[in-house]
1. Within region 216-261, restricting attention to residues that are among the charged types (D, E, K, R), over 18 Å from the mean Cα position of the chain (by Cα) and under 16 Å from residue 185 (Cβ atoms), which residue is surrounded by the fewest Cβ atoms within 10 Å (Cβ to Cβ)?
2. Report the residue count in region 71-111 for those that are more than 22 Å from residue 214 (Cβ to Cβ) and within 17 Å of the chain's Cα centre (by Cα).
3. Within region 195-215, is even one residue touching a residue at least 40 places away in the same chain (Cβ under 8 Å), over 17 Å from the mean Cα position of the chain (by Cα), over 30 Å from residue 137 (Cβ atoms) and assigned to a strand (DSSP E or B)?
4. Filter region 82-119 for residues that are outside any loop (DSSP other than H, G, I, E, B) and free of Cβ contacts under 8 Å to residues at least 24 places away in the same chain; which is farthest from residue 148 (Cα to Cα)?
5. Step by step: first the residues of region 243-257, then only those that are of a type outside the set (Phe, Trp, Tyr) and outside any loop (DSSP other than H, G, I, E, B), then the one that is nearest to residue 288 (Cα to Cα). Which residue is that?
6. Within the group 42, 104, which residue is of a type outside the set (A, V, I, L, M) and crowded, with 17+ Cβ neighbours inside 10 Å?
7. Give region 216-227 a look and list any residue that's touching a residue at least 60 places away in the same chain (Cβ under 8 Å) and out of contact with any Asp or Glu (no Cβ under 7 Å at 6 or more places or on another chain), or say none.
Amino acid sequence: MSGFVEKPEPLEVPGLVHLHTGKVRDLYQNEAGDLVMVASDRISAYDWVLPTEIPDKGRVLTQLSLWWFDQLADLVPNHVLSTELPPGAPADWQGRTLVCKSLRMVPVECVARGYLTGSGLKEYAETRTVCGLALPEGLVDGSELPAPIFTPATKAEVGEHDENVSYEEVARQVGADTAAQLRQATLAVYSRARDIARDRGIVLADTKFEFGFEDEELVLADEVLTPDSSRFWPADQWEPGRAQPSYDKQYVRDWLTSAESGWDRTGEQPPPPLPQRVVDATRAKYIEAYERLTGVSWS
């Protein structure tokens, strides 16, 4: 069992129809048919959406995504139409809301990996492959790959695991032409972002993108290159052969699996509330990632 500890009731806003509540984002549709995406301060770990929020997290994700969309605009179009609040929306939506094009979404998590870690490391240890792609011998946790690889996954419902699949399976599901476009765009965007992050002292180990079509044009959607969708490591602490320090919710994961939390992640009980020090440390990591990447102070 997993999912929300307690699923929030969607806000009712005149002129908006609530479509979906995800782990972090609430999705609405306006009267023009555009999507209104609101990033909450919710945080998830081990397939649970936790009962404790991280202040400013939704704004950090939204503002960082907007910054990245600007950096990538010459490579691929994106879905953002406006950052203006819809009439009647609560003031708390300021800075965390995007009005977006309604796209035909491709049901694939487009993952790019430039370094070996996470589920890729686990598969490599067993088969010397990641998503069926053969890799050299001798790689360890945190090793840089000879070249970035496209390792797609199927999208899962809240509380379920995304499942890694082969490129051939993606081509079977969405067609060879679309699969080729997804791979090309994913690797191009990752490579650009990796170089930008490296110049700012951050290793972009891996990331995931979502794409949709506007007519026949492939468009980058959802959030992009945030600590929720990417592994960012401080470059000056990168050391292959061990788990790397990261700009994400590692503080949350570490506390949940500690004796202090008293939580059994293999059981059916939901996670407990987070202590304030874990909330503060996690918020600080999100903000540090934003500031290091953008060069702008968070206020």
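1. Going through region 216-261, the residues among the charged types (D, E, K, R) turn out to be 216-217, 222-223, 228, 231, 236, 239, 242, 248-249, 253-254, 260.
With over 18 Å from the mean Cα position of the chain (by Cα) added as a condition, the list becomes 216-217, 236, 239, 242, 254, 260.
From the residues that got through so far, the ones that are under 16 Å from residue 185 (Cβ atoms) too are 216-217.
Working: 216: 5, 217: 11.
Result: 216.
2. First, pick out the residues of region 71-111 that are more than 22 Å from residue 214 (Cβ to Cβ): 85, 87-96, 111.
With within 17 Å of the chain's Cα centre (by Cα) added as a condition, the list becomes 96, 111.
So the count comes out to 2.
3. Applying the first criterion (touching a residue at least 40 places away in the same chain (Cβ under 8 Å)) to region 195-215 yields 196-197, 200-214.
Narrowing the set further to residues that are over 17 Å from the mean Cα position of the chain (by Cα) leaves 196, 200-201, 213-214.
Retained after the next criterion (residues that are over 30 Å from residue 137 (Cβ atoms)): 196, 200-201, 213-214.
So of that shortlist, the ones also assigned to a strand (DSSP E or B) come out as 213-214.
Yes, because at least one residue in region 195-215 is touching a residue at least 40 places away in the same chain (Cβ under 8 Å), over 17 Å from the mean Cα position of the chain (by Cα), over 30 Å from residue 137 (Cβ atoms) and assigned to a strand (DSSP E or B).
4. Selected residue: 91.
5. 250
6. On the way: 104 fails: crowded, with 17+ Cβ neighbours inside 10 Å.
Just a single option satisfies the conditions, and that option is 42.
7. Selection gives 217, 218, 219, 220, 223, 224, 225, 226.
Computed from the coordinates by the stated procedures, all read-outs in this text should not be read as laboratory data. Because the structure is predicted, anything quoted here is derived from the model rather than measured. All Cβ positions, glycine included, derive from the backbone under ideal geometry; neighbour counts span all protein chains shown.
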